[in-house]
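Here the structure comes first, spelled out in structure tokens, and everything after it is commentary.
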Amino acid sequence: MRDATHRLPSEQHRASRPGELLGSHDGSALRIAVVCARFNDEITLRLLDGAYEALYRLNVSGDRRAVAWVPGAFELPLVARAFARSGKWDAVVCLGAVIRGETSHYDFVAGECARGIQDVQLDSGLPVVFGVLTTDNVEQAVERSGGRLGNKGDEAVVTAVEMANLLAEVRG
Ligand code: INI
């Protein structure tokens with residue numbers, strides 16, 4: 001059985017006590033941009049399916065979302081930054097799959113992608129979510145993209161909505 005720390009964000013306890021702030025999972029007033037890597041697209045298409053499912057479930061309607069494809073995970077931060085700087089979006093979700101078995105430069109691609117995404121998030125002040133799988137093999141990636149361990153694309157959208165709503169509250 002999974003303990004509380006391993007629950008999907010959408011399953012977590014939603015009640016906040018007086019004085020606590022917790023971003024809601026209502027996406028009906030939000031605009032969300034998604035950037036998806038084509039590399040390993042047998043996995044990233046599954047992540048994107050999960051992302052669409054969550055966008056639908058959290059009421060982010062079709063006219064308030066965009067999806068941009070980039071060649072690989074290394075390119076995610078650049079396009080995420082362009083979305084973040086445009087002023088048109090409340091959050092950006094980055095989707096990718098970096099699989100160790102297939103590359104000797106795994107560490108560079110995965111590391112630079114993570115660092116770049118965090119840089120964009122901190123520079124822009126917008127939630128820029130790391131929906132990138134970094135796994136040892138394809139099987140592990142399948143498990144996390146709609147397999148028995150959930151779908152990281154879905155989780156990334158839930159995180160984006162929660163963080164955008166939380167920041168709106170924190171900023172008053
Ligand atoms: N890009 C990925 O998204 N996943 C990978 O596993 C990967 N591998 O294996 O190399 C990968 N490489 C391409 C990289 O993201 C860039 O597109 C490329 O280096 C051009 O800048």
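For first residues located in region 122-137 and under 25 Å from residue 30 (Cα atoms) and polar (S, T, N, Q), partners that are modelled with pLDDT of 95 or more and away from the ligand (no atom under 16 Å from the Cβ) and lie 6+ apart or on another chain with Cβ distances below 7 Å form the pairs 124/84; 124/85. Within region 148-172, the residues that satisfy the criterion of being under 17 Å from the mean Cα position of the chain (by Cα) and small (Gly, Ala, Ser) are 150, 153, 156, 160, 164.
Rundown of residues vs (1) in contact with an Asp or Glu (Cβ under 8 Å, 6 or more places away or on another chain); (2) of a type in the set (A, V, I, L, M); (3) more than 16 Å from the ligand (Cβ to nearest atom), yes/no style:
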| residue | (1), (2), (3) |
| --- | --- |
| 110 | no, yes, no |
| 131 | yes, no, no |
| 137 | no, no, no |
| 141 | no, yes, no |
| 147 | no, no, yes |
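Looking only at residues of region 82-102 that are out of contact with any strand residue (DSSP E or B) (no Cβ under 7 Å at 6 or more places or on another chain) and not in a helix (DSSP H, G or I), we find that the one that is nearest to the ligand (Cβ to nearest atom) is 88. Scanning region 65-81 for residues that are in a helix (DSSP H, G or I) and surrounded by 18 or more Cβ atoms within 10 Å (Cβ to Cβ) returns 73, 74, 75, 76, 77, 79, 80, 81. Summed over region 135-160, residues that are part of a helix (DSSP H, G or I), touching a strand residue (DSSP E or B) at 6+ places or on another chain (Cβ under 7 Å) and of a type in the set (Val, Ile, Thr) total 3. Among the residues of this structure, residue 48 counts as one that is within 15 Å of the chain's Cα centre (by Cα) and either within 17 Å of residue 135 (Cβ to Cβ) or touching a residue at least 24 places away in the same chain (Cβ under 8 Å) (or both). Consider residue 101 carefully, then state whether it is of a type outside the set (A, V, I, L, M, F, W, C) and buried (at least 19 other Cβ atoms within 10 Å of the Cβ). When the stated conditions are applied, residue 101 does not pass them.
Against the test of being among the β-branched types (Val, Ile, Thr), outside any strand (DSSP E or B) and under 24 Å from residue 165 (Cα atoms), the options 109, 132, 120, 34 yield a single qualifying residue, 120.
The rows are residues; the columns are (1) more than 14 Å from the chain's Cα centre (by Cα); (2) at pLDDT 95 or above.
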site	(1), (2)
19	yes, no
37	no, yes
75	yes, yes
82	yes, yes
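The values are calculated or read from the model by the stated rules, or taken from the named source; none is laboratory data. Note that the structure is a prediction, hence the values are computed from the model and not measured. Cβ: placed from backbone, ideal geometry, glycine included. Neighbour counts: every protein chain shown.
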